[in-house]
Amino acid sequence: MNKSRQIEIWVGLFMAIGFVALFFLAMQVSNLGTAYTGDTFRVTARFDNIGGLKVKARVTIAGVEVGQVTEIHYDPDDFRAVVEMGLQSQYLNRIPDDSFAKILTAGLLGEQYVGLDPGGSEDTLADGSEISVTQSALVLEEVVGQFIFGKGQEGKQ
Amino acid sequence: MIELFAQLGGWGMQALTRLGRAHLLLLPLLRGGLDILRRPRLLVDQLFSVGVLTILIIAVAGLFVGMVLGLQGYYILSRFGGETALGLMVAASLVRELGPVLTALLFAGRAGSALTAEIGLMKATEQLSGLEMMAVNPQYRILAPRFFAGIVSVPLLAALFSMLGVMGGWMVGGGMLGVDKAAFWNGMQGGIDFHEDIVNGVIKSVVFGVVCTWIAIFQGYDCVPTSEGVSRATTRTVVHSSLAVLGLDFVLTAMMFS
Amino acid sequence: MTEVDDSAEQPPLVRIRGLRFRRGSRWIFDGLDIDIPRGGLTAIMGPSGTGKTTLLKLIGAQLRPDEGTVEVDGENVHALSTPDLYRLRMRMGMLFQSGALLTDMSVFDNVAFPLREHTHLNESMIRKLVLLKLEAVGLRGARDLMPSELSGGMARRVALARAIALDPMMIMYDEPFTGQDPISMGVLVQLIRRLNDAARITSIVVSHDVAETLGIADLVYVISNGRVVESGTPAQLSESGGDWTRQFIRGLPDGPVPFHYPAPPLRGDVLGAQR
């Protein structure tokens, strides 16, 4: 009886540890724990080039996360990428509508995210608004290309 | 020359019949799951010998693998100034690959071989025949609880392995090498997707659990009931399980992450 | 066919007809006919390797014959569905050579095992029954020991208690006397006979221990080369047996079963050139 009780306790402990580990992986290691689950409002922005931006990437203002990229698609009419973002509803009508959306990279090798630079307008972003001023992702090949091209031009002059 | 072909053919036939017997065993194993629902006590006892007794080796291995990953990753990434990606690198390699695969390999060595030896000895000492003559089906009463205990244990052990690995990586990266804490964890959380990485990793380890336990149980049940037969079967369990895990890992990875 | 005791008018409990069983290319049984009368103690004897254990497994339907039938209590065991077979097996006990006790349970739990698996008795009832069965084999005091702590003879007695736990109609003993010291051998001989007489349990003893087996059997079958070579009461056998039986019963080193494994003549083999 005593021994079988011990076995039960150990097995219970084992299951608990296992599920704690699974919970840890889900909440602490993956993006599930960082996902904002409250209400959001939708804002879109058009970029010439989104680089490696992916759905669920962070949207930040001054480095603080305020939302997530919810959808990315290509608009064949104006040849640009449309990025839909879900911003946390506490910021509804709090962000100027002339804010500047940039696609940034965390560190040299890190993941890409959207950074918003607040503008000075009186009007604010509401559900369904579009951010008109955008800056595309920095694509390394293009930067390098421009650099070499620039050097070439310099040499000619 | 012809003899060689005849021998190869003979081995092929032997392997095929064995494969067939292994699959025939699967049905009673699953059917035995019904008995477990009625008597969960059978499963609890096996969870102890299959799962609990494997915790220590998994925990120690996970911690050290994570620490090595932290160290190696740091040296490689710091060459490119990419230390911030250390957390992501450690976590991704653990959650996607090393956690499930190394856990399954260690499980085959620790619990799988023990299962084969136990069942093989029960066969050699006529305990299984004895159960049959007592009108108790050993496939339901002995094999099925062990099978399900393995299936439950491996994913939990793999999760434990990955968790301790991430912690080990953090201890080395954050504690010893001074990687920024926020960068470590944010990079990890930004790069690891719950469905794509965690869930797929768990699916992998469930598959490995099924395969390793199945092989172990089959080898024990199918062994030649002598001491030599049992020891051969034990070796076969470890070899077959390891190969099956590595092969299946490639297939699963190709299916999931491509 | 010799009839035993008062069971003359009853049909035999086990009827084996034309049994053929092959292992690899070797015929272990080649047309075996055996009747086991109810309530008697029937011994099946033969040299090692004649498949005596195999015969018990065929009766218990753990193995399937290539040809022939085995009927137990009027039912063809190899034609039964699995649930019916299991119901029949609950009425058969079998004592394995090694005892076949479950090594991870105590003596008490081993004897209680069939009761817990097949009955819905409560624990106090099971306890009473187990203690009674253990008392019958004289091991009530050993109930808390683990199988690894038992001597070979004690393990067999515990296994016997387990075999009679469900009050079967018959018990099959597989080599019950092999490897026992004289005292535990005597104990087992006594026990087997007593169980047979007290509970009218039909007993089948498979053995090659001549003296012990002939001492307690009512009816003896001697098998060799897959067939019954002789049958009868022990008395009939010892006086009238043929050459082969006489060699077997007296334990003569040479006779119909030659001392030498077949070989070419010694002179040529030893002095001739090596192959």
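Observations on the model:
- Residue among C:Arg250, C:Arg162 that alone is surrounded by 13 or more Cβ atoms within 10 Å (Cβ to Cβ) and closer than 24 Å to C:Thr53 by Cα: C:Arg162
- Any strands (runs of 3 or more DSSP E) falling wholly within segment C:26-91 and containing at least 1 residues that are within 14 Å of chain B (Cβ to nearest Cβ): C:67-72
- Pairing each residue of segment B:134-160 that is at positive phi with any residue that is part of a helix (DSSP H, G or I), provided the two are 6+ apart or on different chains, yields C-beta distances under 6 Å for B:Ala135/C:Tyr86; B:Ala135/C:Arg89.
- The lone exception for A:Gly120 - which of (1) without any contact (Cβ under 8 Å) to a residue 40 or more places away in the chain; (2) surrounded by 16 or more Cβ atoms within 10 Å (Cβ to Cβ) it fails: (2)
- Residue, surrounded by the most Cβ atoms within 10 Å (Cβ to Cβ), within segment B:132-159, restricted to residues that are of a type in the set (Phe, Trp, Tyr) and away from chain A (no Cβ under 14 Å): B:Phe147
- Qualifying residue in segment B:120-131 (condition: modelled with pLDDT of 90 or more and more than 14 Å from chain C (Cβ to nearest Cβ)): no
- Failed item in (1) out of contact with any Asp or Glu (no Cβ under 7 Å at 6 or more places or on another chain); (2) at pLDDT below 95, with B:Val95 passing the rest: (1)
- Where a residue in segment C:159-174 is without any contact (Cβ under 8 Å) to a residue 40 or more places away in the chain and its partner, wherever it lies, is of a type in the set (Gly, Ala, Ser), with Cβ under 8 Å and at least six apart: C:Asp167/C:Ala199
- Residues of segment A:104-144 satisfying the condition of being within 13 Å of chain B (Cβ to nearest Cβ) and of a type in the set (A, V, I, L, M): A:Leu104, A:Ala106, A:Leu108, A:Leu109, A:Val114, A:Leu140
- Some residue of segment A:81-99 being among the basic types (Lys, Arg) and in contact with an Asp or Glu (Cβ under 7 Å, 6 or more places away or on another chain): no
- Filtering B:Gly51, B:Gly20, B:Gly32 for residues that are at pLDDT 90 or above and buried (at least 17 other Cβ atoms within 10 Å of the Cβ) leaves a single hit, B:Gly51.
- Subset of segment B:174-194 (residues that are assigned to a helix (DSSP H, G or I) and at the interface with chain A (Cβ under 9 Å from one of its Cβ atoms)): B:Ala183, B:Trp185, B:Asn186, B:Gly187, B:Met188, B:Gln189, B:Gly190, B:Gly191, B:Phe194
- Screening the candidates A:Ala35, A:Ala62 for the property of being within 10 Å of chain B (Cβ to nearest Cβ) and modelled with pLDDT under 90 yields one hit, A:Ala35.
- B:Gly109 vs. criteria of a type in the set (Gly, Ala, Ser), within 26 Å of the chain's Cα centre (by Cα), under 30 Å from B:Leu98 (Cβ atoms) and more than 13 Å from every other protein chain (Cβ to nearest Cβ): yes
- Taking segment C:226-275 as the range and being assigned to a loop (DSSP other than H, G, I, E, B) and in contact with a Gly (Cβ under 9 Å, 6 or more places away or on another chain) as the test, the residues that pass are C:Gly226, C:Gly241, C:Pro256, C:Pro264.
- Some residue of segment A:45-53 being in a helix (DSSP H, G or I) and within 13 Å of another protein chain (Cβ to nearest Cβ): no
- Only residues that are over 20 Å from B:Pro155 (Cβ atoms) and hydrophobic (A, V, I, L, M, F, W, C) were counted in segment B:230-258, giving 6.
- Residue ID - farthest from the other protein chains (Cβ to nearest Cβ), chosen from residues in segment B:84-106 that are over 26 Å from the mean Cα position of the chain (by Cα) and buried (at least 22 other Cβ atoms within 10 Å of the Cβ): B:Leu86
The values are calculated or read from the model by the stated rules, or taken from the named source; none is laboratory data. Everything numeric in this text was worked out from a predicted model, so none of it was measured. Please note: Cβ atoms are built from the backbone with ideal geometry, for glycine as well, and neighbour counts cover all protein chains shown.
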